[in-house]
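**Q** Take a look at this one; I'll ask things after.
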Amino acid sequence: MEEFWLIIGMMAVTFGIRYVLFAAADNIEFPDKLKRALNYVPIAVLTAIIFPAVFIPKGELYLSLNNPYIIGAIVAVGISYWKKSMLLTVIIGLIAFALWKFLLLNI
Amino acid sequence: MHYTRSKLFSLGMKDCLPLIIAAIPFGIIYGALGQTTSLSPWAVLAMSLFVFAGSAQFIAVGLLAASASWPVIVLTTFFVNFRHLLYSANLLPHIKQYNQKVRIPMAFLLTDESFAVASNYLKEHANQPNFSWYYFGAALFMYLNWQVCTVIGLFIGQSVPNMAEWGLDMAMVVAFIGIVVPCLHNRATLACAVVAGGLSLISYDWPHKTGLLFSAISAIWVAMYLEKQEKTLAEINREAD
């Protein structure tokens, strides 16, 4: 019974957040300034997800070249800037990450 | 170029593929972790089916392991998923043309990944018709993949120990990098990323992931300030000419 309410509750809040603006879309007209601000949402939110994952991989700040997340991220940023391809960024970034991790484990 | 609906649907699937691949280990780890808690396998799967929110599901499983009560987990879910409000606000101009029957599934399927792919597409194709077909191609693919991976995780979870320690979350990081970096083309966008990243580290320990929202909103505010400054500068230069 507990898990029933847990799932219903999680579903209600998650869907509620995702749907509330869509539901009222016909009656909402954002001011221009807010519209322009919303253009920055992808950069702002995704970067705020990326940084802790890279620099705080295990719950503590890990600023070191021994941190494979940092190496993988630097390579991914470079590839993305150079090639503008998401697939290439993912593949080469992951390879760099895995290689660095493997090398460090075996030195 | 004008695409047919089915073409747009498959384009959405194709564009989402890197993120789908990145999400596979996540789904499997979620299923595997889920079955180690007090939840029944059906409840673990039901959470994927009805909530469909990766990071909130992980946090829920973690809190259950720490024997948190369900109201606490629901409240945490609310804060953790609050960023979706920013996503829906950003997409709002592109969904006004659809009726509620279309908007409801669009909202239900709104995740970091479907938003990332959709916003990337809208940068170039803001005025193309049938955006919903592209969106559903990406989002439904993501949804199906998440369910399959949850089931796989439930089955094989315990036979692959320590999978959560492998660093598979890196896949999502590089996918997001692939979306963010091409967006950084001036001072305002660059500052937005730097501020969001820096503050997210400082506010990492804040409860209920509120630091994520604080960082994002502060970064947007800084970007708006710089955008305005750049515009003023451009005007001064024009007058000087």
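**Q** Taking the criterion of being closer than 18 Å to residue B:84 by Cα and surrounded by 23 or more Cβ atoms within 10 Å (Cβ to Cβ), would at least one residue in the range A:57-69 satisfy it?
**A** The answer is no, given that none of the residues of the range A:57-69 is closer than 18 Å to residue B:84 by Cα and surrounded by 23 or more Cβ atoms within 10 Å (Cβ to Cβ).
**Q** Then there is this: Search the range A:13-33 for residues being in a helix (DSSP H, G or I) and more than 8 Å from every other protein chain (Cβ to nearest Cβ), and hand back the single one that is nearest to the chain's Cα centre (by Cα).
**A** A:16
**Q** Tell me, which helices (runs of 4 or more DSSP H) lie completely within the range B:1-116 with 1 or more residues that are within 16 Å of the chain's Cα centre (by Cα) and modelled with pLDDT of 90 or more?
**A** In the range B:1-116, the matching helices (runs of 4 or more DSSP H) lie at B:5-34, B:54-65, B:70-80, B:83-95, B:100-108.
**Q** Could I ask something else about it? Out of (1) farther than 23 Å from residue A:38 by Cα; (2) surrounded by fewer than 21 Cβ atoms within 10 Å (Cβ to Cβ), what's the single condition that is false for residue B:64?
**A** Against the list (1) farther than 23 Å from residue A:38 by Cα; (2) surrounded by fewer than 21 Cβ atoms within 10 Å (Cβ to Cβ), residue B:64 comes up short only on (2).
**Q** Give me the helices (runs of 4 or more DSSP H) completely within the range B:158-241, filtered to those with at least 2 residues that are of a type outside the set (Val, Ile, Thr) and more than 7 Å from chain A (Cβ to nearest Cβ), ordered by residue number.
**A** Ranges flagged: B:187-202, B:210-240.
**Q** Here are the criteria: (1) at the interface with chain B (Cβ under 7 Å from one of its Cβ atoms); (2) open to solvent by 20 Å² or more (accessible area, probe 1.4 Å); (3) not basic (Lys, Arg). Tell me which single one residue A:76 does not satisfy.
**A** (2)
**Q** Is it the case that some residue within the range A:79-96 is closer than 25 Å to residue B:214 by Cβ, in contact with a helix residue (DSSP H, G or I) (Cβ under 9 Å, 6 or more places away or on another chain), modelled with pLDDT of 95 or more and at the interface with another protein chain (Cβ under 8 Å from one of its Cβ atoms)?
**A** No, the range A:79-96 has no match at all.
**Q** State which residue is nearest to the other protein chains (Cβ to nearest Cβ) when the search covers only the range B:10-54 and only residues that are among the hydroxyl-bearing types (Ser, Thr, Tyr) and within 16 Å of residue B:145 (Cβ to Cβ).
**A** Result: B:48.
The values are calculated or read from the model by the stated rules, or taken from the named source; none is laboratory data. Because the structure is predicted, anything quoted here is derived from the model rather than measured. Virtual Cβ from ideal backbone geometry, glycine too; neighbours counted across all protein chains shown. With ligands, DNA and RNA removed, areas are computed over all heavy atoms of the protein, side chains included. Shrake-Rupley method; radii C 1.70, N 1.55, O 1.52, S 1.80 Å.
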